[in-house]
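*Asks:* Dropping the structure in here first, questions after.
Nothing in this text is a laboratory measurement; each read-out follows from the coordinates by a stated rule. The model shown is predicted, which means the values in this text are computed figures rather than measured ones. Neighbour counts are summed over all protein chains in view; Cβ atoms, including those assigned to glycine, are modelled from backbone coordinates with ideal geometry.
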Amino acid sequence: MESIITVNTEEPELKDSILIEGLPGVGNVGKLAAEHLLENIDAVKFADIYSKHFPPQVVLDEDCVVNLVNNEVYYAKDVGDGKDLIILVGDYQGLTPEGQYELSQHIIQMCMGLNVKTVYTLGGYGVGKIVESPRVLGAVTSADMKEGLEEHGVVFSAGEPGSGIVGASGLLLGLSKIYGIEAACLMGETSGYFVDPKGAEAVLRVLNSIIGLEMDMT
């Protein structure tokens with residue numbers, strides 16, 4: 001098997017599109033946020049990504065029909081104030097550092113072919129305690145992005161997160177910078193001990209502001 005196989009069901013034509021990544025991570029904040037976004041916009045799945053870097057298993061649906069573990073990629077046109085979006089979701093990230101790099105590189109290459117101009121990765125920032133009013137911390141590929149994101153409520157705090165950003169949320173930023181794509185990570189504060197919808201809601205409120213979308217948070 002090849003390291004990564006992408007099965008496309010459509011080749012969308014997008015303009016100045018935005019990639020939004022929401023894969024599992026700390027508190028599953030990014031995953032919850034991206035999946036809730038998908039439920040509230042008219043999005044179409046156009047690609048499945050399969051890889052030997054994912055766990056070696058299949059999952060069963062309610063009819064006991066199996067599906068190979070994968071990541072899914074959706075698109076939506078004219079969202080909010082007219083933006084075209086690409087949303088990456090899934091139940092798994094790569095199991096090894098090598099796999100993480102290969103998958104992230106593959107995703108960036110895919111996005112370059114889809115006219116992606118900006119990348120937002122969504123994640124959680126574990127603080128080790130319950131947070132009643134989570135901040136959304138930011139990391140960017142260039143200082144020029146900071147002021148614009150601060151206007152949407154993103155907090156930039158030196159040394160937070162002190163250990164850096166691991167996994168797809170970090171690697172997609174680093175690779176975007178290499179390829180000249182503007183990118184930012186939006187991290188909702190979370191205890192890190194359990195799945196955290198409150199942290200996901202904080203991230204979504206910021207993302208809604210950025211893309212000009214009004215979304216039901218119920």
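*Asks:* Going down the list LYS31/LYS146; LYS15/LYS198; LYS77/LYS146; LYS31/LYS77; LYS31/LYS177, which pairs span over 29 Å between their C-alpha atoms?
*Replies:* Details: LYS31/LYS146 24 Å; LYS15/LYS198 32 Å; LYS77/LYS146 26 Å; LYS31/LYS77 21 Å; LYS31/LYS177 23 Å.
Correct reply: LYS15/LYS198.
*Asks:* Obtain the radius of gyration and the Kirkwood radius of segment 40-109 from its C-alpha atoms and give Rg over Rh.
*Replies:* Taking Rh as the inverse mean 1/r over Cα pairs, Rg/Rh reads 1.04.
*Asks:* To the nearest 0.05, how large is the calculated FRET efficiency for VAL66 and ALA158 if R₀ is 45 Å and r is the Cβ-Cβ distance?
*Replies:* E between VAL66 and ALA158, to the nearest 0.05, is 0.40.
*Asks:* Continuing with the same structure: With the alpha-carbon atoms as the only input, what is the per residue convex hull volume for segment 134-178 in Å³? Could you put the intermediate results ahead of the total?
*Replies:* Values: hull volume 3.9 nm³, N = 45.
Spelled out: Cα convex hull of segment 134-178, divided by residues, is 87 Å³.
*Asks:* Based only on Cα atoms, what Rg/Rh ratio does segment 6-75 have, Rh being taken as Kirkwood's radius?
*Replies:* Answer for segment 6-75: 0.98.
*Asks:* Can you pull the three principal axis extents for the Cα set of the chain, in Å, largest first?
*Replies:* Largest first, the chain extends 43, 38, 36 Å along its Cα principal axes.
*Asks:* Same structure, new question: What net charge do the residues around LYS198 carry, taking every other residue with its C-beta under 15 Å from that of LYS198, with Lys and Arg at +1 and Asp and Glu at -1?
*Replies:* Overall, the nearby charge balance is 0.
*Asks:* What fraction of the Cα pairs in segment 144-218, stated in percent, has a spacing above 16 angstrom?
*Replies:* Pairs farther apart than 16 Å: 60 percent.
*Asks:* Let me ask you something else. With springs connecting C-alpha atoms under 10 Å apart, model the chain as a Gaussian network and identify which of VAL29, VAL66, VAL166 has the largest mean-square fluctuation.
*Replies:* Maximum among the listed residues: VAL66.
*Asks:* While we're on this one: Under 8 Å for C-alpha pairs, at least 6 residues apart: give me the relative contact order for segment 1-62, rounded to a whole percent.
*Replies:* Relative contact order comes out at 52 percent.
*Asks:* Once the other residues with Cβ under 11 Å from the Cβ of LYS15 are scored (Lys, Arg +1; Asp, Glu -1), what is the net sum?
*Replies:* Cβ neighbours under 11 Å give a net charge of -1.
*Asks:* Mean 1/r over all different Cα pairs, inverted: what Kirkwood radius does segment 101-169 give, in Å?
*Replies:* 14.2 Å
*Asks:* Given the options CYS185, CYS111, CYS64, state which has the largest fluctuation in a GNM of the chain using a 10 Å cut-off (strictly under) for Cα springs.
*Replies:* Top of the fluctuation ranking is CYS64.
*Asks:* Could you work out the Kirkwood radius for segment 61-180, taking every pair of different alpha carbons, averaging 1/r and inverting it, reported in Å?
*Replies:* Numbers: mean 1/r = 0.0601 Å⁻¹.
Roughly 16.6 Å, rounded to one decimal.
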